[in-house]
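The values are calculated or read from the model by the stated rules, or taken from the named source; none is laboratory data. None of these values were measured; they are calculated from a predicted model. As a convention, Cβ positions derive from the backbone with ideal geometry for all residues, glycine included, and neighbour counts pool all protein chains shown.
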Amino acid sequence: MTASSGADGTDRHFSDVTGPCGPVPALVDGLDAATARYLGDGAELGDGQRDAILAALTTDTLAVLPPAAGKTAIYTIAGDLLGRRTIVVSPTLSLHRDQVAHLTDAGIAAAALNSEAGRGASAAFAAGELEVLITSPEQLARPDVLHELAAGSPTLLAVDEAHCVSDWGPDFRPDYLALAPAARALGSPRILALTATASVPAREEILDLLGVPDACVVVRDVDRPRTHLTVQLVHDEEAKWDHVVDAVTGASGAGIVYVTTRGHTTLVADRLVEAGGSARAYHGGMRAKERQEVQDAFMAGELDVVVATSAFGMGIDKPDVRWVVHGDTPTSVDAYHQEIGRAGRDGERVSAVLFHRPQDLARPKLFASGRDARAAALATVVEAIRLHDDGVAQAELADAAGLSKAALSRAVPALVVGGGVAQAPGRRLVRGVNDAPAREVAQAAAQLVVRSRERQRSKVELVRRYAEGTGCRRRTLLEVLGEARDEPCGNCDRCDAGDVGDPGERSGASHGEPAPGEAVTHDEWGHGVVQTVSDDTVVVLFDDAGYRTLSIPVLRERGLLTSV
């Protein structure tokens, strides 16, 4: 065992164990006992579980692990070793119930704090009566809740389904953006974020929005090799829905149809019922009781098909989902990979079919366009909010600052992330926890809006590349998710047709053959990372310029990229 002096001058003792992010503190010596306490005597952790726990004992961590990898065990065991004072942010009431049940069955003192369970759990946590508290981002957006929980001195803040932090879809929950200032209000406990899907740019965005950009990242097994991937190109809206109905009625077993709007869930569900099928719609605008009825019927095998937005699926661990159909092109490859992962959890072969209408991408592209609020206008917003203890209606602030309502709506999440403002009921904005000068708060928010817009625009282009590109479909998907793949998969429509593509020599950008995951520089756009490579083009994610698609022949001729 060795010791070193920490930034606060105290001695830090380390074991001889080295984790994915360096030497692990000596408290790892209790890992076997903590594992036995939660999983039972003789139980062993999986490779991904162990590395995620070792990383969390060392520093803030993002763990990207496959479905059913035992994420509850990860935060429970890590929390046990860090002091048994764990707060878990989880997105749905059903997940809260399941996680609390698993924990209490294992003898862990746990409870949920949500709209269903009431406030008793927060008092119990503050009094030291609970080891694990499961809650929602909406609860952690409340100053009174944060004040009470901070009294319990939490040592670990686990963010389950962490992709929600960067999921800006129609069912996006803005209180996920308040987790960074919430963590500071809780006393800055160790952060452990967990998800099944996050591409390289999505990982950066998640950690940026959680306020831990330098966190350790642990990634395991992003491939789902038993899922057959197919994309069908359609150009007519009406014809697309006919194709979707035909595909679903011809499929066997239970499945999920994903669409991007709430209206489309009803449209497709009604058509499937008219065709003699068993289907119901599901979206975030439905009453909680109705959503729960749909989910329970699907899980019990009483309902064959759910037509849903991205609001459906988190925590859905139904082993016999045989297929996933996307009736609309998803807004990001991350969302697509997350959603197709809801099928085949029993290890059997399943199918994922995307009906791609190029015009469908116009809507998210429109979201990524328009004029942003400047820092000076946002400073006016922050100053106005600070003058009113009871907050100000968002609509009034837009007029006062000379902003369009759309521009202010895009900027509010960035102000929330920085702690400059907080959201209150009735679309009111109140003073946040960040008391820095309004100009500084506004400048940081304006920069975040620009980065978020560029990321959104880039996500659209990567989805288009997956749907319209040539060569092995899975190779393209995995490269976007940060896993280089030389060989074709043999289990997608491109491989079925013999169009496997050529990944290239992959000897490095400096030799004119960029490789996925390679760090590169460009004279104009600066530092970047190669995302995907096809026969004659390469997609690079640049730190400041976002995604750019470049011609490989031109790269060879002009030497535009240099390996770092």
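Brief remarks on what is shown
- Exclusive hit being within 25 Å of residue 418 (Cα to Cα), in a helix (DSSP H, G or I) and either in the same structural domain as residue 51 (by TED's automatic domain parsing) or not β-branched (Val, Ile, Thr) (or both), set 100, 88, 145: 145
- Of the set (1) in a loop (DSSP other than H, G, I, E, B); (2) in contact with a helix residue (DSSP H, G or I) (Cβ under 8 Å, 6 or more places away or on another chain); (3) over 23 Å from residue 481 (Cβ atoms), all apply to residue 292 but (1).
- The stretch 276-293, subset of a type in the set (A, V, I, L, M, F, W, C) and at pLDDT below 95, residue farthest from residue 116 (Cα to Cα): 286
- Members of the stretch 79-111 found to be of a type in the set (Asp, Glu) and buried (at least 21 other Cβ atoms within 10 Å of the Cβ), listed by number: 80
- Residue in the stretch 119-130 that is of a type in the set (S, T, N, Q), more than 29 Å from residue 343 (Cβ to Cβ) and in a helix (DSSP H, G or I) present: yes
- In the stretch 103-118, residue modelled with the lowest pLDDT [restricted to those that are out of contact with any His (no Cβ under 9 Å at 6 or more places or on another chain) and part of a loop (DSSP other than H, G, I, E, B)]: 118
- Which listed residue is without any contact (Cβ under 8 Å) to a residue 12 or more places away in the chain, in the same structural domain as residue 537 (by TED's automatic domain parsing) and out of contact with any His (no Cβ under 6 Å at 6 or more places or on another chain), from 435, 486, 496: 496
- Filtered residues of the stretch 514-539 (kept if at pLDDT below 85, surrounded by 15 or more Cβ atoms within 10 Å (Cβ to Cβ) and among the aliphatic types (A, V, I, L, M)): 515, 529, 530, 533, 538, 539
- Failed item in (1) modelled with pLDDT of 90 or more; (2) surrounded by 24 or more Cβ atoms within 10 Å (Cβ to Cβ), with residue 177 passing the rest: (1)
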